[in-house]
1. Considering the range 44-103 alone, what residues qualify as being farther than 23 Å from residue 17 by Cβ and assigned to a loop (DSSP other than H, G, I, E, B)?
2. Name, by its number, the condition in (1) part of a loop (DSSP other than H, G, I, E, B); (2) under 26 Å from residue 92 (Cβ atoms); (3) in contact with a strand residue (DSSP E or B) (Cβ under 8 Å, 6 or more places away or on another chain) that does not hold for residue 27.
3. Pairs, please: C-beta under 8 Å, at least 6 apart or cross-chain, first residue loosely packed, with under 10 Cβ neighbours inside 10 Å and in the range 39-50, second modelled with pLDDT under 95 and assigned to a strand (DSSP E or B)?
4. Please state which one of 10, 58 is touching a strand residue (DSSP E or B) at 6+ places or on another chain (Cβ under 7 Å), within 16 Å of residue 104 (Cα to Cα) and buried (at least 16 other Cβ atoms within 10 Å of the Cβ).
5. Looking at this structure, is residue 112 at pLDDT below 95, at positive phi and more than 17 Å from the chain's Cα centre (by Cα)?
């Protein structure tokens, strides 16, 4: 049950949340962290570019890697989306079990299982710091 972390970056919050929601709803990922405010410097089509982006950190299993990548490519607006996967060589056993349980497709039939519930939001606006 090898856990992995997949990362990708997107250009706006709407796309970040769409990809995150779909990965979790399709039981391809246990959790997707959406990290705003990253700056990327990269070479694209012979030019050096600099953009603000959102980083997505996807917790899943190796067995879901190809489906995660396909979903990212399906929903991503970039011509060549970043999809990098890293093996989680160690982790809390309970957390690793939770990842496996969360992507278990046999549990998808449970009534109400996919109802989205928002946790209370802590506003971390820079002006409040």
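1. Of everything in the range 44-103, those that are farther than 23 Å from residue 17 by Cβ and assigned to a loop (DSSP other than H, G, I, E, B) turn out to be 45, 46, 88, 89, 90, 91, 92.
2. Just one mismatch for residue 27, condition (3).
3. none
4. 58
5. On the way: at pLDDT below 95: yes; at positive phi: yes; more than 17 Å from the chain's Cα centre (by Cα): yes.
Answer is yes for this residue.
The values are calculated or read from the model by the stated rules, or taken from the named source; none is laboratory data. Keep in mind it's a predicted model, so treat the numbers as computed, not measured. Heads up, the Cβs are rebuilt from the backbone with ideal geometry, glycines too, and the neighbour counts pull from every protein chain shown.
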